[in-house]
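The values are calculated or read from the model by the stated rules, or taken from the named source; none is laboratory data. Since the model is a prediction, treat every value here as computed from it, not as a measurement. Using ideal geometry, Cβ is built from the backbone for each residue, glycine included, and neighbour counts are taken over all protein chains shown. Only protein heavy atoms, including side chains, enter the accessible area calculation; ligands, DNA and RNA are left aside. Shrake-Rupley method; radii C 1.70, N 1.55, O 1.52, S 1.80 Å.
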Amino acid sequence: MRVYTYFALALSIVTITSCSDTGYKFKLNTSKKTTLGKKAAIKFEQLKGEKIDSVQLFVDKKRVNKNETSVAINTADFGVGKHAVTALAFYPNKSKKINNSIEILAKDAPAVYSYKIINTFPHDKDAYTQGLEYKDGFLYETTGRRGQSTLRKVDIKTGEVLQKVGLDKKYFGEGMTILNNKIYWLTWQARKGFVYDLDTFKQVGEFDYNHSNEGWGLTHNDNELIKSDGTNKIWFLNSENQKEKRNIQVYTNKYPVDNLNEIELINGKIYANKWQQNSIVIINSETGVVEGVANLNGLRDIVAKEQNLEPSDDVLNGIAYDSENNRLFVTGKHWGKLFEIELIKK
């Protein structure tokens, strides 16, 4: 019995023909949706023509067969998300590519978190917060909008801006992070980021986005920059040249999670604001699985009682973590408060 009979095949069939190849016809079946950790089936069939020489099967450009025309792949090797499946058929003096896909969902629903307010600090109401990071007792913050985008060093206790530099008015500033005494600052739609000296705020470099179209949030691990682009993808960048090397897709057990905005790496997990949701999603940085969700609408309600916030714009955005003292800080665009909170699993 062939391996594909063990798995449910989606009848999503791609058939490729051409005027010059009327003697050949193929189809490619895949498991339409499956769950991380399970096997997924890929089946190539020739419907018409002389016997072909060979077929190569790929998932995300990685070859998954030797000589077989049907295979079962381990979904754990690819992570959650929608993955491209390609069959490359070879026959005398010609070849033909057939495309399909497999969507892999998380196995379990994310855990739900509530929160407790530990401390409240003042925050500049004029700051359209895009990026937030804690380092050596200070907050570093970037703000957005063209003509208003700034990089700031902030006193946590007072909210006083101690140091500031502006961005050229043609750019819309986005998220930032600090690695090896350099500040990396994204722009939104210009497909460009800038590098600053941590101490002087002097610009020392710039970089282009080589794969993603937009810049939203930025954080880092020990040797990579980690970037969100407003979709459900998280990009990992070479810290030396800022080139985007790879990405993970962010999924729950039901659907992709897009509009990922400001991000922070905390104990190996990516904490992300979801644009206009006043929430944080906790993402496995290896697989892309959403492991937790925290609804922080209550924090916005506190601020809204004292301010006239724009409903769709002045939302939660800004996550910073003090690893030495295990303190989690959050704020929002034009919020007059910075909150130190503790997330509590329900």
Just from its helices, what would the mean residue ellipticity at 222 nm be for the chain, if runs of 4 or more DSSP H residues each count -39500 (n - 2.57) and the sum is divided by every residue, rounded to the nearest 500 deg cm²/dmol?
-500 deg cm²/dmol
For the chain, which span is the longest to avoid every loop-located (per DSSP) member of GluC sites (Glu not before Pro) having at most 12 other Cβ atoms inside 10 Å?
51-159
Once phi is turned into θ = phi - 60°, what whole-Hz ³J(HN,Hα) does the Karplus curve with 6.51, -1.76 and 1.60 give for every residue of the stretch 47-52, x standing for Gly and Pro?
9, 7, x, 5, 4, 7
Under a point spin-label approximation (7 Å from Cα along Cα-to-Cβ), what is the Ser285-Lys94 distance to one decimal in nm?
5.0
Give me the extension gain from Ser323 to Lys135: residue separation times 0.36 nm, minus the current Cα-Cα distance, reported in nm with one decimal.
66.7 nm
Once neighbouring chains are kept in place and the probe is 1.4 Å, which whole percent of the accessible area of the stretch 219-346 is contributed by carbon and sulfur?
38
Long-range amide H partners of Leu296 with built H, under 5 Å:
Ser279, Ile280
Using amide H atoms built in the peptide plane, which far-off residues or other-chain residues are under 5 Å from Glu174 H to H?
Leu186, Thr187, Trp188
Everything considered on the Cα gyration tensor (a ≥ b ≥ c; rounded for a/c under 1.5, else prolate if a/b is larger than b/c, else oblate), the stretch 220-292 must be described as prolate
Point-to-point label distance, Leu162-Lys346, nm (Cα→Cβ direction, 7 Å offset)
3.9
For Asp199 and Asn181, compute 0.36 nm times the residue count separating them, minus their Cα-Cα distance, and round to one decimal in nm.
5.7 nm
Residues of the chain: accessible area per residue at 1.4 Å, in Å²?
48
In µm²/s, what is D for the stretch 55-160 at 4 °C and 1.567 mPa s, where D = kT/(6 pi eta Rh) by Stokes-Einstein and Rh is the Kirkwood radius from Cα pairs?
67
Amide H partners (placed H, <5 Å) of Ser285, local residues excluded
Ile270
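Estimate the FRET efficiency between Ser312 and Tyr255 by the formula 1/(1 + (r/R0)^6), using the beta-carbon distance for r and 30 Å for R0, to the nearest 0.05. Mind dumping the intermediate values first?
Details: r = 22 Å, r/R0 = 0.73.
The formula returns an efficiency of 0.85 here.
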Which whole-Hz couplings ³J(HN,Hα) result when phi for each residue of the stretch 130-145 is put into the Karplus expression 6.51 cos²θ - 1.76 cosθ + 1.60, θ = phi - 60°, listed in order with x for Gly and Pro?
10, x, 8, 8, 9, 7, 6, x, 10, 9, 10, 9, 10, 10, x, 6
Given charges of +1 on the Cβ of Lys and Arg and -1 on the Cβ of Asp and Glu, with all other atoms neutral, how large is the dipole of the chain about its Cα centre, in debye to the nearest 20?
1700
Honestly the stretch 101-173 on the Cα gyration tensor test (a ≥ b ≥ c root eigenvalues; a/c under 1.5 rounded, otherwise a/b vs b/c for prolate or oblate) is just oblate
Reach of Lys243 by Cα under 18 Å, taken over lysines that are not fewer than 8 positions away in the same chain
Lys182, Lys192, Lys227, Lys233
How big is the Kirkwood radius of the stretch 161-248, worked out from every pair of different alpha carbons and given in Å to one decimal?
13.0
How long, wide and thick is the stretch 202-327, going by the Cα atoms along their three principal axes, in whole angstroms, largest first?
45, 43, 34
Could you order Thr158, Thr219, Thr35 so the one with the most accessible surface comes first? Probe is 1.4 Å.
Thr158, Thr35, Thr219
Cβ charges +1 (Lys, Arg) and -1 (Asp, Glu), total dipole of the stretch 83-157, debye:
400
For the chain, just list the percent of Cα-Cα distances falling in each 20 Å bin from zero outward, please.
29, 46, 22, 4
Inter-site label distance for Asp108 and Lys170 at 7 Å from Cα along Cβ, in nm:
5.0
Is the C-alpha gyration tensor of the stretch 101-254 telling us rounded, prolate or oblate? Criteria: a/c under 1.5 is rounded; beyond that, a/b larger than b/c is prolate, otherwise oblate.
oblate
Give me the distance between the Cα centres of the stretch 231-288 and the stretch 33-71, rounded to whole Å.
30
Probe 1.4 Å, all chains present, heavy atoms only: Arg300 accessible area in Å², nearest 10, is 30
Scoring the chain by relative contact order with C-alpha pairs under 8 Å, at least six apart, yields a percentage of 15
Among Ile42, Ile234, Ile302, the residue with the largest mean-square fluctuation in a Gaussian network model of the chain built from Cα contacts under 10 Å is Ile302
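Mind checking the full-extension length gain between Asn221 and Lys61? Use 0.36 nm per residue of separation minus the Cα-Cα distance, one decimal, nm.
Roughly 55.0 nm would be gained on extension.
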